[in-house]
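The values are calculated or read from the model by the stated rules, or taken from the named source; none is laboratory data. Because the structure is a prediction, the values reported are computed rather than measured. Positions of Cβ are backbone-derived with ideal geometry, glycine not excepted, and every protein chain shown enters the neighbour counts.
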Amino acid sequence: MSTFEFISVLLSIVVGLGLARLLSGVGRIVEIRRRVRFYWVQGVWVINIILLLVVFWWATLFSHAENDVWPFLNFLLLLVYSILIFLEAVLILPTDLEEGADLEVHFFEVRPWFFSLLALTSVAELFDTLLHGGWARVVGFGPYYMGIILCGVVINSIAARTDNRRYHGVVAIGFFLSMVGWILVGFPEIG
């Protein structure tokens, strides 16, 4: 096995745990759907974090598969990056989803932590890109990439502090659209 294959296994485990957590939560919501108060914004965020986990895993394979040498800092950054997304997956749905749960209340209770982690994820993305190619790599991704990073930090920092329902609805939908755009522009295929 190559160094990258060992690293990708560890990252895949973290991504897999995040996906399992979210999918288990969605299954539980479906199971008790008549006895839980659903919140559509939180539902969009569950989809967003699933997409983020998958895109992180896909982009890691796409961007780093050819690396023969792995400085510890590069590995540590990817590990922290995957852990941030995993923690977002843990926070977005209650651990013990009980009958009578109010998902809107839960969303706004964890909002400061969730969106702070999401802002840090944007910073981790930028540092990962810098470590694996410097500013030339950042510039190579084009203005869309820098827009996503800057908006990610600013918009999520505001979301961590506001309880405005409209703002959160727009941010959730905007994040979804930006993820779809990034998938189409940045990583349509590997190989």
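Take the range 1-47 and flag every residue that is within 28 Å of residue 65 (Cα to Cα) and among the aromatic types (Phe, Trp, Tyr). If the condition is that a residue be within 28 Å of residue 65 (Cα to Cα) and among the aromatic types (Phe, Trp, Tyr), then 4, 6 are the ones that fit.
Could you pull out the residue among 89, 119 that is within 30 Å of residue 36 (Cβ to Cβ), of a type in the set (Gly, Ala, Ser), in a helix (DSSP H, G or I) and touching a residue at least 60 places away in the same chain (Cβ under 8 Å)?
Working: 119 fails: touching a residue at least 60 places away in the same chain (Cβ under 8 Å).
Within the list 89, 119, the selection yields 89.
Restricting attention to the range 92-112, which residues are within 14 Å of residue 37 (Cβ to Cβ) and aliphatic (A, V, I, L, M)? Steps first, answer last, please.
Taking the range 92-112 and keeping what is within 14 Å of residue 37 (Cβ to Cβ), we get 93-94, 97-109.
Across the range 92-112, the qualifying residues are 93, 97, 101, 103, 105.
The residue of the range 124-170 that is farthest from residue 109 (Cα to Cα), among those that are surrounded by fewer than 17 Cβ atoms within 10 Å (Cβ to Cβ) and among the hydroxyl-bearing types (Ser, Thr, Tyr), is 144. One residue stands out among those in the range 26-49 that are basic (Lys, Arg) and out of contact with any Asp or Glu (no Cβ under 8 Å at 6 or more places or on another chain): the one that is surrounded by the fewest Cβ atoms within 10 Å (Cβ to Cβ), which is 34.
From the list 87, 52, 79, exactly one residue is within 19 Å of residue 130 (Cβ to Cβ) and surrounded by 13 or more Cβ atoms within 10 Å (Cβ to Cβ). Which is it? Of 87, 52, 79, the one residue that is within 19 Å of residue 130 (Cβ to Cβ) and surrounded by 13 or more Cβ atoms within 10 Å (Cβ to Cβ) is 79.
Of the residues 147, 169, 152, which is within 15 Å of the chain's Cα centre (by Cα) and assigned to a helix (DSSP H, G or I)? Can you show your working first?
On the way: 147 fails: within 15 Å of the chain's Cα centre (by Cα); 169 fails: within 15 Å of the chain's Cα centre (by Cα).
Only one candidate qualifies: 152.
Considering the range 110-144 alone, what residues qualify as being within 14 Å of the chain's Cα centre (by Cα) and among the small types (Gly, Ala, Ser)? Across the range 110-144, the qualifying residues are 116, 119, 122, 124.
State whether one or more residues within the range 73-86 are under 29 Å from residue 161 (Cβ atoms), among the polar types (S, T, N, Q) and either at pLDDT below 90 or not in a helix (DSSP H, G or I) (or both). No, the range 73-86 contains no residue that is under 29 Å from residue 161 (Cβ atoms), among the polar types (S, T, N, Q) and either at pLDDT below 90 or not in a helix (DSSP H, G or I) (or both).
Taken together, the residues in the range 18-54 that are part of a helix (DSSP H, G or I), more than 13 Å from the chain's Cα centre (by Cα) and not β-branched (Val, Ile, Thr) amount to 14.
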